[in-house]
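The values are calculated or read from the model by the stated rules, or taken from the named source; none is laboratory data. Keep in mind the model is a prediction, meaning the values are calculated, not measured. Counting neighbours? That spans all protein chains shown, and the Cβs are built from the backbone with ideal geometry, glycine included. The protein model used for the area step is the full one, side chains on, heavy atoms only, and it has no ligands, DNA or RNA in it. Shrake-Rupley method; radii C 1.70, N 1.55, O 1.52, S 1.80 Å.
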Amino acid sequence: MAPHSTPPATTIQPPTAPPPAGYTRIPAFPRPPPAVIAACIRDIAAALGDPSRVSTAKDLIDRRSHDTTYHKPHPPDAVAFAKSERDIAAILSICNKHKVPVIPLAGGSSIEAHVVPTEAGGIVLDINDMDKIVELHKEDLDVVVEPGVGWMDLRDVLEPQGLFFPPDPGASACIGGMCGTNCSGTLAYRYGTMKDNVLSLRVVLADGTVIKTRRRAVKSSAGYDLTRLFIGSEGTLGIVSQATLRLRRSPSHTTVAIAQFKTLRAAAAAVHQLVLSGTPFQRLELMDAVAVRAVNLHDLNPGEKSPFADQTTLLAECAAFSQRGIDEQVAAFRVVVAAHGAAGTSVAASPAEAERLWNLRKKCYFSVPALRTHPSVVPPGAKPPKVGVLVTDVAVPISRLGDAMEATEVLIREEGLIGPMLVHAGDGNCHCLLVLNEDDPKEIEAAERVREKLGVLALSMDGTVTGEHGLGQGKRGLFEKEADGPTLELMKTLKLAIDPNNILNPGKIFVPGESKNSSHL
């Protein structure tokens, strides 16, 4: 095998067998009786000292019954608004007493129905008012924030200080939800995911108890790593009331390099070699030809020529504390992409040009509906469909990225769907954006088949069904294929030990079902 080549594809094998009969099932949560809900709401209103801070108004209920994706909506019974850690503790204590589900909500930008109630309804706990930056420790490179702080708002505060917080998910994401899903984004290749950038958490447990997972030191070997236990738990173990975040110095020099390839395989091979080279790019992102076409359709007027060909495109953001560091990264990029047959390479000569190049990637998610709605693709006289997007999120070892992308392309074609690929290439995290007609059940079923098959594909490569979006309700079935029986059993044991009444975001992560080891909780 040639150096740095991607190993050949293998037949997709069945993933890990489902857990044996008798393993714990987190019970499905039945909807509490109306009298129980009414008593719970009265108690919350009394505890908060203001009846307006717990509401059953139809407009509020409707807005919090769904997320921004195709997932089926379910209304909560009420919405409670917390302004402090004490409020969260009071609300959870009351809901735990009445055995009423609690669904935490901040930005609401997650895409696997994490914040959508199940059929059980319950109380949506809205923490958007908890949006204070509590303390900035410039001398220690950390900041203490409440869970309703948006990461982009935090970015705007840190930028003048020459600092930044690396995770960069969807624009409206807040710190609490980012902890819940262990989010990441385009900077994870260099700086890691949320778990690598959180030093400590304050968490409210189901019974109202407040814990602090650790102190502010950058490293600690004291006891269990509770911080990482709660990061990625999707609000099923506790609700974050405060987070201490690790900050980084903003590089003084940056630029963007871009290369286009005729095939996915050539682009993936270039990525593999760049990763193995150890060159410290800040971002390494890949778009397939369909994704580039989506941006071109969205941005161009009829008759205009795009500056970007509809080809697989690799973007590298180079960042350093000297021009020499930038030059070294650009040189390494040029050598590798040329060796793998790049059709063209561009390097930004100014910050404005760097922004223009990077906009190709930044605009993609919002551009993909154009693949179904642009006048050039809608038949004359036809009405554009109501577009929805199902986003996949598999991640594979970097040597298998080419295999994963080629197999994804085949699956999309077999189902007759449109699905551009956006890839956090440096860490092997591949998103397929399946652009659907929301009014066509057959398209939705086909998209769900692709999602399931991609999950199985990733597992056959020793990857994961979700690199950064989390499981929620959308991928919980795939999780039972990813984790083996004893691993699932341990996780469910932890869940029931910390939240024995199962009030915290029930129906997420685990497929609900009957359990011989626990009665209705």
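Does at least one position in segment 423-430 carry a residue that is in contact with a Cys (Cβ under 7 Å, 6 or more places away or on another chain), within 17 Å of Ala291 (Cα to Cα) and in a strand (DSSP E or B)?
The answer is yes, given that some residue of segment 423-430 is in contact with a Cys (Cβ under 7 Å, 6 or more places away or on another chain), within 17 Å of Ala291 (Cα to Cα) and in a strand (DSSP E or B).
Please tell me if Gly507 is under 20 Å from the mean Cα position of the chain (by Cα), closer than 30 Å to Ile418 by Cβ and not hydrophobic (A, V, I, L, M, F, W, C).
no
Can you name the residue in segment 25-44 that is of a type in the set (Gly, Ala, Ser) and part of a helix (DSSP H, G or I) and, of all such residues, is surrounded by the fewest Cβ atoms within 10 Å (Cβ to Cβ)?
Ala35
When only residues in segment 461-502 that are among the small types (Gly, Ala, Ser) and crowded, with 20+ Cβ neighbours inside 10 Å count, which is modelled with the highest pLDDT?
Going through the qualifying residues, I end up with Gly463.
Would you pick out the residues in segment 306-364 that are open to solvent by 50 Å² or more (accessible area, probe 1.4 Å) and β-branched (Val, Ile, Thr)?
If the condition is that a residue be open to solvent by 50 Å² or more (accessible area, probe 1.4 Å) and β-branched (Val, Ile, Thr), then Val335, Thr345 are the ones that fit.
Go through segment 306-326 and count every residue that is within 17 Å of Glu355 (Cβ to Cβ) and part of a strand (DSSP E or B).
Total satisfying the criteria: 6.
Residue check: is Thr255 touching an Asp or Glu at 6+ places or on another chain (Cβ under 6 Å) and either open to solvent by 30 Å² or more (accessible area, probe 1.4 Å) or among the polar types (S, T, N, Q) (or both)?
Details: touching an Asp or Glu at 6+ places or on another chain (Cβ under 6 Å): no; either open to solvent by 30 Å² or more (accessible area, probe 1.4 Å) or among the polar types (S, T, N, Q) (or both): yes.
Judged against the criteria, Thr255 is not a match.
Would you point out the residue of segment 96-133, among those that are among the hydroxyl-bearing types (Ser, Thr, Tyr) and in contact with a strand residue (DSSP E or B) (Cβ under 9 Å, 6 or more places away or on another chain), that is most open to solvent (accessible area, probe 1.4 Å)? Give the derivation first.
So the first thing to find is which residues in segment 96-133 are among the hydroxyl-bearing types (Ser, Thr, Tyr), and the list is 109-110, 118.
Now drop any that are not in contact with a strand residue (DSSP E or B) (Cβ under 9 Å, 6 or more places away or on another chain), which leaves 109, 118.
Values: Ser109: 43, Thr118: 19 Å².
Here the answer is Ser109.
When both residues are 6+ apart or on different chains and their Cβ atoms are under 7 Å apart, which pairs have a first residue that lies in segment 376-393 and is assigned to a strand (DSSP E or B), and a second that is surrounded by fewer than 10 Cβ atoms within 10 Å (Cβ to Cβ)?
Correct list of pairs: empty, since none qualify.
Between a residue in segment 435-446 that is more than 19 Å from His374 (Cβ to Cβ) and any residue that is aliphatic (A, V, I, L, M), which pairs come within a Cβ distance under 8 Å, given they are 6 or more apart or on different chains?
Within 8 Å, the pairs are Ile444/Leu390; Ile444/Leu436; Ala446/Leu417.
When you check Pro384 against the structure, is it farther than 30 Å from Ser172 by Cβ, surrounded by fewer than 20 Cβ atoms within 10 Å (Cβ to Cβ) and at pLDDT 90 or above, yes or no?
No: the conditions fail for Pro384.
For segment 295-305, indicate whether the set of residues that are part of a helix (DSSP H, G or I) and buried (at least 23 other Cβ atoms within 10 Å of the Cβ) is non-empty.
yes
Name, by its number, the condition in (1) within 14 Å of Ile61 (Cα to Cα); (2) open to solvent by 10 Å² or more (accessible area, probe 1.4 Å); (3) modelled with pLDDT of 95 or more that does not hold for Leu136.
Checking Leu136 against (1) within 14 Å of Ile61 (Cα to Cα); (2) open to solvent by 10 Å² or more (accessible area, probe 1.4 Å); (3) modelled with pLDDT of 95 or more, the one that fails is (1).
Determine the pairs where a residue that is open to solvent by less than 40 Å² (accessible area, probe 1.4 Å), located within segment 49-70, has a partner that is modelled with pLDDT of 90 or more and among the hydroxyl-bearing types (Ser, Thr, Tyr) with Cβ atoms under 9 Å apart, the partner being 6 or more residues away or on another chain.
Within 9 Å, the pairs are Ile61/Ser55.
Among the residues of segment 262-287, how many are under 25 Å from Ser376 (Cα atoms) and open to solvent by less than 10 Å² (accessible area, probe 1.4 Å)?
Of the residues in that region, 1 qualify.
What number of residues within segment 92-106 are over 13 Å from Ala39 (Cα atoms) and either of a type in the set (Asp, Glu) or in a loop (DSSP other than H, G, I, E, B) (or both)?
2
Quick one: would you say Lys508 is of a type in the set (Lys, Arg) and part of a loop (DSSP other than H, G, I, E, B)?
Yes.
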